[in-house]
Amino acid sequence: MIQLNKWKWKAPLSWLKIKTVDLHTGGEPLRVLYDGIPEIQGKDILEKRRYFKKHLDHIRTGTMFEPRGHADMYGAIITEPISPDSDFGTFFLHNEGYSTMCGHAIIALTKLVFDTGIIEKDSSEPELSIDAPPGLIKSKAFIKDGVVTKVSFLNVPSFVLYQDKSIEVDGIGQVKFDVAYGGAFYAFVDADELGLGLEEKNYNQLIDWGRRIKHAVMDNFNIAHPFEADLSFLYGTIFTGKAKKPKHHSRNVCIFAEGEVDRSSTGSGVSARAALHHAKGELTVGEAITIESILGTTMDVEINELCTYGPHNAVIPKVSGTAALTGKSEFWFDPSDPLKEGFIFR
């Protein structure tokens, strides 16, 4: 019989060792890399993200890709705070590279730091200030019996870039779409108009059509953030449709990065939707809607206030959701392993 208490082997000191904590928000994974990472240089989050991409991208691929991850894995790096009143900084990883904003990660990170005691604040509704690529994000935890039961956060100004546009997409035909920003840019498409279902059985078609639409829009429309060139790209396609439960507003399925399917409702996506619904006269300040994911999990979004952002009329969305801790790992990188930096088939 195997006796694991007799384990004597230790990973050699020369191996790279990355410690992680895993969570999910509405089913969407988040792998938080918290120890073993070399120094990430840069005076702000965007500079740190650029440095990581240039010098440490093998850590992203090694922890997101197989055999340690999978095609739909998602990650976050925790850094020291940047802003004077910030609690910590973060940026985000996935199968294609680095995203500009991630609402499901903000919810999970808030759950992580309070449930584990990494950060302690004397309140049943403690707040965090988090430095993220698009700016400072304010989150709030709702704690009962020492456990975070819900998280809400105020996102960056969100706005509509294009409204009521149309494009011919190879293999699909004419597609109507809007483009809106909620920390990242998304093309929004009504699934019913395409005869496309938003359920798990439609998974492969959603990936295929989402990628086709994303690349068609990218090739024909300029995606420009008013202040940051690093944020000026189309992150994904979000298909919208009818909710499965009558009390919910609608359903979101986001296809982002290189064909990843968000299992959650997408925090930055529902933020962009709040801006889009407001521009169409369908959502007012203080009005909350509940949006389903492909799994049927939900996030709530409401417009906290109106503002301007560069040349755009914008909204400040408040997004709420729940997360859960799922595990803790130490990943080893054997220098002699030819697959140490990972591989991916999608």
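Laboratory data are not the source of any read-out in this text; all were calculated from the coordinates shown. Everything quoted here is computed from the prediction, not taken from an experiment. All Cβ positions, glycine included, derive from the backbone under ideal geometry; neighbour counts span all protein chains shown.
Using only side-chain charges placed at the Cβ, +1 for Lys and Arg and -1 for Asp and Glu, the dipole size of the chain relative to its Cα centre rounds to 720 debye. Only one residue of SER83, VAL160, PHE345 has its Cα farthest out toward the positive end of the dipole of the chain, where Lys and Arg carry +1 and Asp and Glu -1 on Cβ, and that residue is PHE345. Cross-link check: pairs LYS48/LYS247; LYS53/LYS165; LYS245/LYS328; LYS121/LYS247; LYS53/LYS318 evaluated at a Cα-Cα cut-off of 32 Å; pairs beyond the cut-off: LYS48/LYS247; LYS53/LYS165; LYS245/LYS328; LYS121/LYS247. Cβ under 14 Å from VAL253's Cβ, VAL253 left aside: what net charge do those residues give with Lys, Arg +1 and Asp, Glu -1? Result for the local shell: -2. Separation of the stretch 298-330 from the stretch 1-55 is 26 Å, based on Cα centroids. The ellipsoid that matches the Cα gyration tensor of the stretch 130-264 has semi-axes, each √(5λ) in whole angstrom, of 27, 21, 12, with the longest given first. Of the trypsin sites (Lys or Arg not before Pro) found in the stretch 241-309, those that fall in a DSSP loop while having at most 15 other beta-carbon atoms within 10 Å are LYS242, LYS244, LYS247, LYS280.
Within the listed set ASP85, ASP190, ASP122, the residue fluctuating most in the Gaussian network model of the chain (springs between alpha-carbon atoms under 10 angstrom) is ASP122. Expressed as an acute angle from 0 to 90° and rounded to the nearest 10, what is the orientation of the C-alpha long axis of helix 203-220 relative to the principal long axis of the chain? Helix 203-220 and the main axis of the chain meet at about 70 degrees. How many percent of Cα pairs in the chain exceed 32 Å? Distances greater than 32 Å cover 29 percent of the Cα pairs.
Counting charges near LYS244 (Lys, Arg +1; Asp, Glu -1) among other residues having Cβ under 14 Å from its Cβ returns a value of +1. Around the amide H of GLY236, modelled in the peptide plane, lie the amide H atoms of ALA187, all under 5 Å away and 5 or more residues distant in sequence or on another chain. The distance linking the stretch 86-164 with the stretch 190-246 is 24 Å (Cα centroid to Cα centroid, whole angstrom).
By the rule of a C-alpha distance below 12 Å, with chain neighbours fewer than 8 residues away ignored, the aspartates and glutamates paired with LYS340 are GLU66. Of the GluC sites (Glu not before Pro) found in the stretch 36-140, those in coil by DSSP whose Cβ has at most 10 other Cβ atoms within 10 Å are GLU39, GLU120.
By DSSP, the beta bridges lying fully in the chain are antiparallel in about 85 percent of cases.
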